[in-house]
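Down below is the structure, laid out as structure tokens.
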Amino acid sequence: MWFWFALLSAVFAALTSILAKVGIEGVNSNLATAIRTVVVVVMAWGMVFLTNTQNGLAQISRKSWIFLILSGLATGASWLCYYRALQIGEASKVVPIDKLSVVITLILAFVFLHESFTAKSFAGSVLITVGTLIMVL
């Protein structure tokens, strides 16, 4: 089941890039990011209430709060940079560079989470990096 959610995530991320590129025209990138964020917040809390999981707030540990907040800050920084890049660059060049996050995630997961970094992971990372360079040059 995770595969289908991951695939849908990729489809929605692709739509996000195209819709954002059109929507950001003539709009300050920080303002555009704020508007997008409000929509995401409303949608996320809507799902919390729709699935009746709001009572889980009390069970969240201090460690989880800290890391969820840090993740939110990283997401915010990513979105602000992404929207600015989209505003001044071509989507066909910005998006592939943004997707280098896959390679960076693999490296960070190896270093900090001690996940395995196999020959297959290495080969895939090299191919993603080379493919990105080919697309943007």
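The values are calculated or read from the model by the stated rules, or taken from the named source; none is laboratory data. Remember, predicted model here, so these are calculated numbers, not experimental data. Cβ coordinates were reconstructed from backbone atoms using ideal geometry, including for glycine residues, and neighbour counts include every protein chain displayed.
Things worth noting here:
- A single entry from Ala34, Ala20 fulfils the requirement of being in contact with a helix residue (DSSP H, G or I) (Cβ under 6 Å, 6 or more places away or on another chain) and either surrounded by 10 or more Cβ atoms within 10 Å (Cβ to Cβ) or not aromatic (Phe, Trp, Tyr) (or both): Ala20.
- Of the listed requirements (1) surrounded by 12 or more Cβ atoms within 10 Å (Cβ to Cβ); (2) more than 20 Å from the chain's Cα centre (by Cα), Ile107 misses just one: (2).
- Residue among Gly56, Gly72, Gly76, Gly46 that is assigned to a helix (DSSP H, G or I), surrounded by 12 or more Cβ atoms within 10 Å (Cβ to Cβ) and not assigned by TED's automatic domain parsing to the domain that holds Met135: Gly76
- Any hit, region 83-93, residues being surrounded by 13 or more Cβ atoms within 10 Å (Cβ to Cβ), touching a Ser or Thr at 6+ places or on another chain (Cβ under 8 Å) and of a type in the set (Gly, Ala, Ser): yes
- Comparison of Ile104, Ile128, Ile66, Ile134 shows that the only residue that is part of a helix (DSSP H, G or I), over 20 Å from Thr37 (Cβ atoms), assigned by TED's automatic domain parsing to the domain that holds Ala13 and β-branched (Val, Ile, Thr) is Ile66.
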